[in-house]
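Below: one structure, written as structure tokens.
Any read-out appearing in this document is the output of simple, stated calculations on the displayed coordinates, not a laboratory observation. Only a predicted model underlies this, so the values are computations on that prediction, with no experimental measurement involved. Backbone-built Cβ (ideal geometry, glycine too); neighbour counts: all protein chains shown.
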Amino acid sequence: MTTREARVLPSKNRSHELWNSSKIPQIRGARYQYPCLAPREFAMKLPFMQTAAYLKDLFDLSGKTAVIIGGTGELCGTMAVGLARAGAEVVLGGRIPEKAEKRLHEIQSHGGRGYFVPVDVTSRESLHSLLETVLDRSGQVDILINGAGTNSPTPFLEITEEEYQKIIDTNLSAIFRACQVFGQYFVDESRTASIINLGSISGLNPLSRVFTYSASKAAVHNLTRNLAREWADKDIRVNTLVPGFFPAEQNRKVLDESRVLDILRQTPASRFGNAEELIGATLLLASTKAGSFITGMEMIVDGGFQAMTI
Ligand SMILES: NC(=O)c1ccc[n+]([C@@H]2O[C@H](COP(=O)([O-])OP(=O)(O)OC[C@H]3O[C@@H](n4cnc5c(N)ncnc54)[C@H](OP(=O)(O)O)[C@@H]3O)[C@@H](O)[C@H]2O)c1
């Protein structure tokens, strides 16, 4: 064992047999002989760094391109602002250019960079065209957010085949398609990448009145973990961001007065979330450094809703 290897091994394990190089097979051409050394290196730099420089080092997204599908909407538009403020060039994907324009002004007012590309997630061709446009304009994609979503409060026995298919198509099949289209690019280019799929707490435990939505989101959570397993050795991380309750366009029709009261009673923080409160989690999952070992995770941001009992 070289001095460098001995220095970076966790101290309590230094003399432990497990770390004997002859007993551990070389894993996927890891940069080091053992596959767990990078965090130790961060720690060793700490005393010499200023706080701002340290945080920048962990979370800086300069030079990255983030494609945010659903970036014309409330939550993902706000997440796009956060990604742009952290240095990424952001591409807002959606169907309505006017919604993107407002968001792009906000991004520019912070000194960020971005543009809109129209996309309909129900069409594979449209997703291919989104990828091609971004590669033409930006030359690369590093971060993909799958956040297009739709919802309906129709009682279970009244849900039509058509409505069911529409919600499944927009919330689930679209993510399957986008992960194939962008995933193929990431794999072909051996590109380190982060994919963030928007799940829901109703994907963890089904919520009343949103039957198809809950089923679609549960499948998104499963698909995400499955892809995380599939691509972890390619440095393509796939995580689910799980918002609790945030006022937005797609859930307005579900949020009548009694529903709002039910939600507040069940939320220890006693309030809805603000979209800005998703930015920290987004940056963590997007960052190649701060989030480098996070994959297949459900990052819940819900004011304690999921933890509530009596
Ligand atoms: N708000 C919440 O409390 C909450 C909670 C949990 C999870 N979520 C999830 O978070 C994500 C964002 O939702 P949001 O609350 O921010 O709602 P939102 O403001 O209504 O945004 C949804 C976005 O999806 C896009 N979209 C819908 N169908 C599309 C299609 N066929 N092709 C392309 N884009 C499409 C819309 O873009 P265009 O209008 O431009 O087409 C819209 O901007 C969704 O996946 C949602 O399920 C939200």
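Given H placed 1.01 Å from N in the peptide plane, which residues other than close sequence neighbours of residue 195 have an amide H under 5 Å from its amide H?
144, 237, 238, 239
Please list, ordered by chain and number, the residues whose modelled amide H lies under 5 Å from the amide H of residue 114; skip anything fewer than 5 residues away on the same chain.
90
List the residues whose amide H sits under 5 Å from the amide H of residue 300, counting only those 5 or more places along or on another chain, with H placed 1.01 Å from N in the peptide plane.
Counting only residues 5 or more places away or on other chains, the set is 242.
Residue farthest toward the positive end of the dipole of the range 205-245, with Cβ of Lys/Arg at +1 and Asp/Glu at -1: which of 239, 213, 226?
213
For the range 159-254, what is the convex hull volume of its Cα atoms per residue in Å³?
Numbers: hull volume 9.6 nm³, N = 96.
Measuring per residue, one finds 100 Å³ for the Cα hull of the range 159-254.
Residue by residue through the range 280-291, which ³J(HN,Hα) values in whole Hz follow from phi under the Karplus form 6.51 cos²θ - 1.76 cosθ + 1.60 (θ = phi - 60°), with glycine and proline marked x?
Going residue by residue, I get x, 5, 5, 5, 4, 5, 7, 5, 6, 9, 4, x Hz, with x marking Gly and Pro.
In whole Hz, what ³J(HN,Hα) sequence does the range 158-163 give by Karplus (6.51, -1.76, 1.60; θ = phi - 60°), x for Gly and Pro?
Karplus values, whole Hz, x for Gly and Pro: 9, 5, 7, 3, 5, 5.
Exposure proxy check: 221, 110 ranked by fewest other beta carbons within 10 Å? List each step's numbers first, then the result.
Details: 221 17, 110 10.
Final ranking by Cβ density, sparse to dense: 110, 221.
Taking every Cα atom in the range 176-310, find the radius of gyration and the maximum pairwise distance Dmax, and write them in Å.
Rg then Dmax for the range 176-310, in Å: 16.1, 50.
Given charges of +1 on the Cβ of Lys and Arg and -1 on the Cβ of Asp and Glu, with all other atoms neutral, how large is the dipole of the range 135-203 about its Cα centre, in debye to the nearest 20?
Working: 4 positive and 9 negative charges, 50 e Å.
Once rounded to the nearest 20, the dipole reads 240 debye.
What spacing in nm lies between the two simple spin-label points modelled at residue 180 and residue 294, each 7 Å away from Cα in the Cβ direction?
Between residue 180 and residue 294, the label points sit 3.0 nm apart.
Could you compute the net charge surrounding residue 228? Neighbours are other residues with a C-beta less than 13 Å from the C-beta of residue 228; K and R count +1, D and E count -1.
Combined, the nearby Lys, Arg, Asp and Glu give 0.
Can you pull the one-decimal nm distance between simple spin-label points at residue 85 and residue 159, each 7 Å off the Cα toward Cβ?
In this crude spin-label approximation the distance works out to 3.7 nm.
Can you give the Rg to Rh ratio for the range 47-201, taking only C-alpha atoms and Rh from Kirkwood?
Working: Rg = 16.9 Å, Rh = 16.4 Å.
With Rh from the inverse mean 1/r over Cα pairs, Rg/Rh is 1.03.
Pull out the extension gain between residue 129 and residue 208, defined as 0.36 nm times the separation in residues minus the alpha carbon to alpha carbon distance; nm, one decimal.
24.7 nm
Could you run the Karplus curve 6.51 cos²θ - 1.76 cosθ + 1.60 with θ = phi - 60° over the range 53-63 and give me ³J(HN,Hα) per residue in whole Hz, x for Gly and Pro?
Those phi angles translate into 5, 5, 5, 4, 4, 6, 10, 4, 10, 4, x Hz.
What is the extension gain from residue 253 to residue 166, computed as 0.36 nm multiplied by their sequence separation minus the C-alpha to C-alpha distance, in nm to one decimal?
29.7 nm
Determine, for each peptide in 67-79, 297-309, the mean count of other beta carbons within 10 angstrom over its residues, then list the peptides with the highest first. Don't jump to the answer; show the numbers that get you there.
On the way: 67-79: 26.6, 297-309: 16.6.
For the peptides 67-79, 297-309, the packing ranking is 67-79, 297-309.
Can you compute the FRET efficiency between residue 260 and residue 136 using 1/(1 + (r/R0)^6), with r the Cβ-Cβ distance and R0 = 41 Å? Round to the nearest 0.05. Each step should come with its number before you reach the end.
Values: r = 45 Å, r/R0 = 1.09.
For R0 = 41 Å, the calculated efficiency reads 0.35.
Considering just Cα atoms, how many Å³ per residue does the convex hull of the range 209-265 enclose?
100 Å³
Take the Cα gyration tensor of the range 64-304, multiply each eigenvalue by 5, square-root it, and list the three semi-axes largest first, rounded to whole angstrom. Show your work: numbers first, answer last.
Details: eigenvalues 145, 76, 67 Å².
Calculated on Cα positions only, the semi-axes equal 27, 20, 18 Å.
For the range 64-304, with only Lys/Arg (+1) and Asp/Glu (-1) charged at the beta-carbon, what is the dipole magnitude about the Cα centre, in debye rounded to 20?
440 debye
If you place +1 on the Cβ of every Lys and Arg and -1 on the Cβ of every Asp and Glu, how big does the dipole about the Cα centre of the range 164-272 come out, in debye to the nearest 20?
Working: 14 positive and 10 negative charges, 58 e Å.
So the magnitude is around 280 debye.
Cut-off is 10 Å between beta-carbons; in what order do 256, 120 appear when sorted fewest neighbours first?
Details: 256 11, 120 16.
The order, fewest Cβ neighbours first, is 256, 120.
Note the full-extension length gain between residue 230 and residue 309 as 0.36 nm times their separation in residues minus their Cα-Cα distance, in nm to one decimal. All intermediate terms of the calculation are to be shown ahead of the outcome.
Values: separation 79, 0.36 × 79 = 28.44 nm, distance 3.49 nm.
That pair, residue 230 and residue 309, stretches by 25.0 nm at full extension.
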